[in-house]
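Student: Just passing along the structure, written as structure tokens.
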Amino acid sequence: MDLAFTRPRKRSASTPEPEEYDRGSPLTPFGEPLKRTKTDSELDAVDIIPISEAWPVDIASILSSPTLTKPIETTLQAHDNFGNYREGSSIFVLCVQGDYQLHYDLLCSILSDLYSISPNLQALVLCRDPSSHSPSVSAPFSLPLIQAVGPSYNHFVRLGLLHPLGGGQYPLDALVLVDSRGRRRLLLPFGWGAGRHVADIGGGKTVQDRFMDLLRKAVLEIQKEP
């Protein structure tokens, strides 16, 4: 059934135009610092979530949901790290994916780095329908695709990432880091919130690098936790 809304690839047509980055010199002609933008403040707020404030995530329910190793019609090679999975000690990176592909590509590009920090780490894609989902047109492999919406469950809701215009079926795109005890410890938004500029020409690369550095840092810190 067709949904009565337009799903955004970069930004919904109904979404107000976001504030732009300050792209000029960091100082005014009089040597005074430029006023920080709303986006700068939002980026500063993205950080590792303390254990006391972390949402619980039902990893067992996610792992028991219908899963495809790769899209049905694709030339991508299937890739997973299930052979190193350790219940109670594996960290999870969940690529919550609607129409954006950038965060999937970025995750794939640093996955070897994350494995070197945490060999038991598991990277998974949560999508509405794995049978028709295409995670990327440029990535070298496909991570496991998990059906996030079923008759009796909705992982997008449980993660707090249900798209407000998605008819209960589509998510806000994000990378979510879950620690070994099933707690949501990092949320990196793509195409919305602090990540609304992540695909912009120029400033977008800065946001991408910042997010990936933060993901590495978070995995390293969580790996060291008792």
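Student: What distance in nm separates the two pseudo spin-label positions at ARG216 and SER131, each 7 Å out from Cα along the beta-carbon direction?
Tutor: About 4.1 nm, to one decimal.
Student: Let me ask something else about it. What is the antiparallel percent of DSSP beta bridges lying wholly in the stretch 97-226, to the nearest 5?
Tutor: Counting DSSP beta bridges with both partners in the stretch 97-226, the antiparallel share is about 75 percent.
Student: Suppose each label sits 7 Å from its Cα in the direction of the beta carbon; what would the SER152-TRP55 distance come out to in nanometres?
Tutor: Each label point is offset 7 Å from its Cα along the Cβ direction, giving 2.2 nm.
Student: Follow-up question, since we're still on this one. Collect residues whose amide H, placed 1.01 Å from N in the peptide plane, falls under 5 Å from the amide H of ARG185; neighbours closer than 5 in sequence don't count.
Tutor: LEU177, VAL178, ASP179
Student: Continuing with this model, one more query. So what are the stretch 91-226's ellipsoid semi-axes, whole angstrom, largest first, if each one is the square root of 5 times an eigenvalue of the alpha-carbon gyration tensor?
Tutor: With the √(5λ) rule applied to the stretch 91-226, the semi-axes are 22, 19, 15 Å.
Student: Could you calculate the FRET efficiency of SER112 with THR69 from 1/(1 + (r/R0)^6), where r is the beta carbon distance between them and R0 is 22 Å, rounded to 0.05?
Tutor: Efficiency, rounded to the nearest 0.05: 0.70.
Student: Still on this structure, please answer the following. Once you have the alpha carbon radius of gyration of the stretch 37-91, what is it after dividing by 2.2 N^0.38 Å, with N set to its residue count?
Tutor: The stretch 37-91 yields a ratio of 1.72.
Read-outs throughout are calculated quantities, based only on the coordinates presented, and are distinct from any laboratory measurement. This structure is a prediction, so every number in the text was calculated from the model and none was measured. Quick reminder, even Gly has a Cβ in these numbers, built from the backbone with ideal geometry, and neighbours come from all protein chains shown.
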